[in-house]
Structure formats: C-alpha cells, structure tokens
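The values are calculated or read from the model by the stated rules, or taken from the named source; none is laboratory data. Only a predicted model underlies this, so the values are computations on that prediction, with no experimental measurement involved. Every residue, glycine among them, receives a Cβ derived from its backbone with ideal geometry; neighbour counts consider all protein chains shown. Keep in mind that these areas ignore ligands, DNA and RNA; they rest on the heavy atoms of the full protein, side chains included. Shrake-Rupley method; radii C 1.70, N 1.55, O 1.52, S 1.80 Å.
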Amino acid sequence: MSDVRHVLALPDRDAAEEVAGELADRFGVLEEPQLVRDALAGEDDAEDAQWLVVIEDARARLDPVALDAFAAEYEGWLEAPQD
C-alpha cells in the first residue's frame, strides 16, 4: 500500500486544533498532523479562512468514511483525494 495524505477541512482554527488533538485518541495517529490556514478565494478577512488538518497515513490504515464523520462533528469534512 502506498502512503496516503488525508486533508480535513474545518471552519476555524479552534476546530482544527481540537481535531488535531483528538486524532491520537480517536484514530491512533502518532505523527503530529499539520495545521494549514486556507484562505478562501476572494476573501480578505482572515476570519473567513478555513483551516486544514493534514494527516500523513503511511500505511493507509485510516478509514476515510470515519475521518469524514469525525470532521463533520466539528462542522468540517474530508477533502477528496487529489490524484
């Protein structure tokens, strides 16, 4: 299996930080996820930026459906993988 990168989109930094903190407990993610501010196209107000939580899944063991449901608890979602 190849490495997989999961990207969870969250509505704000607080939600992203909570999700990042919960990943180890809920999914056994050992590597620290990366938090990235993603300004929406055409938005100049920093408050309108969504935040991304990037998870490196070296052995492709995380369930995308479960990750999407987890992100939804924080009004977020799992981004579709980029080919």
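Points worth noting:
- Residue match in segment 29-49 (condition: within 13 Å of the chain's Cα centre (by Cα), crowded, with 16+ Cβ neighbours inside 10 Å, modelled with pLDDT under 95 and hydrophobic (A, V, I, L, M, F, W, C)): yes
- Segment 55-67, subset in a strand (DSSP E or B) and open to solvent by less than 20 Å² (accessible area, probe 1.4 Å), residue nearest to Ser2 (Cα to Cα): Asp57
- Residue within segment 68-82 that is loosely packed, with under 13 Cβ neighbours inside 10 Å, at pLDDT below 95 and of a type outside the set (Gly, Ala, Ser) present: yes
- Of all residues in segment 58-79 being aliphatic (A, V, I, L, M) and within 11 Å of the chain's Cα centre (by Cα), the one that is farthest from Leu30 (Cα to Cα): Ala72
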